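The values are calculated or read from the model by the stated rules, or taken from the named source; none is laboratory data. As the structure is a prediction and not an experimental result, all values here were calculated from the model. As a convention, Cβ positions derive from the backbone with ideal geometry for all residues, glycine included, and neighbour counts pool all protein chains shown.
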Amino acid sequence: MSIDIPKLIGAVSREVRDAERDGKPARIVVLGRTYDTGIDDLWDAITNAERLPRWFAPVTGDFKLGGAYAVQGNASGTITACEPPRHLALTWEFGGGVSWVEVDLSSEGEGARLELRHIAHPEAHWDQFGAGAVGIGWELGLLGLYLYLSSGGVAKPPEADPAWAASEEAKTFMRASGDAWGAAEIAGGEDRDTALRRAASTVKFYCGEA
C-alpha cells in the first residue's frame, strides 16, 4: 500500500495520563481520531464480528455485556460495558496480565470521532517500553480502520499483511508513531530521557530490530 504517513500520524491525537485503578497507580494511553462516517456505522465497524477481521483481526466470543471475547493471536477478556453506539469497555488479558480498554464514540460534524483509552498498572513492561507499547499497536488498528472505511471495505488490515509490515513504509510509520508517543509521554510529565529511551526501545521492537 502507499499511504501519506505525515497526514495519518497527524490525524491521531495522543495523550498519556496518570490515574488510579483498583487502588493502585495506573497509566492511561489515550488515542483519538475522526472518521468520515456516521456514529452508527463506526460503532458497527468496531463491534460487528463480520467486519472486525476486515480492518483489525478475527474476534470470537459472546458480543454482549458480560460476554467473553478472544482476538485471534492476541488478547482475550470480558466485555464490561456496552452502550450502543457510544461506549464500549472490556478487560484486556494478555501474557498473564490484565489491563483495561475503553472506547467512546461521538458525532463530530459530518463524521464520528473515536477515543480509545488503554489503562494499565505500570510494571516492568512499562518501564522498558512506555506508552508506545500499546500506542503503536492501537495506532496500527486505527490506520486499518481508516483504510477500511475509506476504501469501501476492500482494504487489508496492515497487521495482517506481512509484506507491508516488513516494508520500509511500515517501519517509517512505526518510527513516526513511536516518536509521537515519546513526545506524548514528555507532555504528560515524564522525564525526557526516560521517555525517549522507551520510545526507541518500542520502535526497535515493532520494526524487528530488538
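Give just the number: which of (1) surrounded by fewer than 15 Cβ atoms within 10 Å (Cβ to Cβ); (2) of a type outside the set (Ser, Thr, Tyr); (3) without any contact (Cβ under 8 Å) to a residue 12 or more places away in the chain; (4) farther than 24 Å from Gly188 by Cβ does Gly10 not satisfy?
With respect to (1) surrounded by fewer than 15 Cβ atoms within 10 Å (Cβ to Cβ); (2) of a type outside the set (Ser, Thr, Tyr); (3) without any contact (Cβ under 8 Å) to a residue 12 or more places away in the chain; (4) farther than 24 Å from Gly188 by Cβ, Gly10 is out only on (4).
Could you tell me whether the stretch 170-178 includes any residue that is under 30 Å from Trp43 (Cβ atoms) and surrounded by fewer than 20 Cβ atoms within 10 Å (Cβ to Cβ)?
For the stretch 170-178, residues under 30 Å from Trp43 (Cβ atoms) and surrounded by fewer than 20 Cβ atoms within 10 Å (Cβ to Cβ): present.
Can you give me the ranges of the strands (runs of 3 or more DSSP E) entirely in the stretch 71-181 with at least 1 residues that are without any contact (Cβ under 8 Å) to a residue 60 or more places away in the chain and within 14 Å of the chain's Cα centre (by Cα)?
87-94, 97-108
Considering the stretch 84-99 alone, what residues qualify as being surrounded by 15 or more Cβ atoms within 10 Å (Cβ to Cβ) and under 23 Å from Asp44 (Cβ atoms)?
Across the stretch 84-99, the qualifying residues are Pro85, Leu88, Ala89, Leu90, Thr91, Trp92.
Mind checking whether some residue in the stretch 46-59 is closer than 22 Å to Arg113 by Cβ, among the hydroxyl-bearing types (Ser, Thr, Tyr) and assigned to a loop (DSSP other than H, G, I, E, B)?
No, there is no match, as no residue in the stretch 46-59 is closer than 22 Å to Arg113 by Cβ, among the hydroxyl-bearing types (Ser, Thr, Tyr) and assigned to a loop (DSSP other than H, G, I, E, B).
Out of Gly130, Gly109, Gly152, report the one residue that is in contact with a helix residue (DSSP H, G or I) (Cβ under 6 Å, 6 or more places away or on another chain), on the phi > 0 side of the Ramachandran plot and either surrounded by fewer than 16 Cβ atoms within 10 Å (Cβ to Cβ) or at pLDDT 95 or above (or both).
Gly130
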